[in-house]
Amino acid sequence: MASTQVLKSRIRSVKSTRQITKAMQLVAASKMRRAQEATRASAPYAEAARELLTALAGHMSVADHPLFVQRPVKTRLLIVIASDKGLAGAYNSNIIKAYTEQLQIDDKAKIKNTTIAVGRKAAQFAARIKDTQILGVYQDLPDRPDGRELRAILDSVRTMFTSGEVDAVDVIYTEFISSINQATKIVRVLPAGHDVTTDAGGATDAVYEPNTAEVLDGVAYRLVGAQIFQALLDGRASEYSMRMIAMKNATDNASDLVDDLTLVMNKARQSSITQELAEISGGVEALSE
């Protein structure tokens, strides 16, 4: 059994760790609330954007627009959204697992791919994969990316797709459902409105002024951007939620470990006291003989 001094040192160390994980839990909880409000506020707009793009795709006059054109997928662009830091539970590992699965699917289908990595963890993993082309890396983005940062990603995506360098653009991110429920999701943002199974809702009869191309150049660009922006917000809210839960579990485990070590220390102290009493009693009996 370890000495009481060693046990005291271990207890102090665990208590110090518990203070850190508790502080990280509180910080993550505070940031999660703000990120949750942001993603829920923009979610209806992102959903409306998806529905509108789907409706527009059902209009025959947009079929040849550069952002709506459907081509056989020979090259795919993957936008992978992870975090810049660890200690967020399974957040990054789930994203990396989904990303790896998509690379394997492309490899089997003989589809080339390129990657835009959002977050240091995604960039580090992509850089270690052999023969993986990285188009761009975006790190240390704020919780609510501003227009400049979002536009940089969106412009790269649009240029690659309209030039024919890629035939599809997919976003791999973590959808925020609730503070205890998040799901890894893969969404295709280009070609725009690729899911044309929904009812066009009258868009097939629409008349575009001044002309179809000019309207769609602005509308489709902004609506595709809204979907990517929502994925970034969802990812950040999910990250903070999973970090809060991970730090809460770490704090609880540290408390349990402190209790266990304290019990062991008390037993060691009791054993030491009992032994000393036995030695004293033995010495008294020896003197009385």
Explain nothing, just compute: Karplus ³J(HN,Hα) = 6.51 cos²θ - 1.76 cosθ + 1.60, θ = phi - 60°, for every residue of region 14-25 in order, whole Hz, x for Gly and Pro. 5, 4, 5, 4, 4, 4, 5, 5, 5, 5, 5, 4
Using modelled backbone amide H atoms (1.01 Å from N, in-plane), which distant-in-sequence or interchain residues come within less than 5 Å of Leu190's amide H? Val169
In the structure displayed, which of Lys31/Lys112; Lys31/Lys130; Lys121/Lys185; Lys8/Lys248; Lys31/Lys74; Lys85/Lys108 lie more than 29 Å apart, Cα to Cα? Lys31/Lys112; Lys31/Lys130; Lys31/Lys74; Lys85/Lys108
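Throughout, read-outs are computed from the coordinates displayed, never taken from laboratory work. Given the structure is predicted, the values throughout are model-derived calculations rather than measurements.
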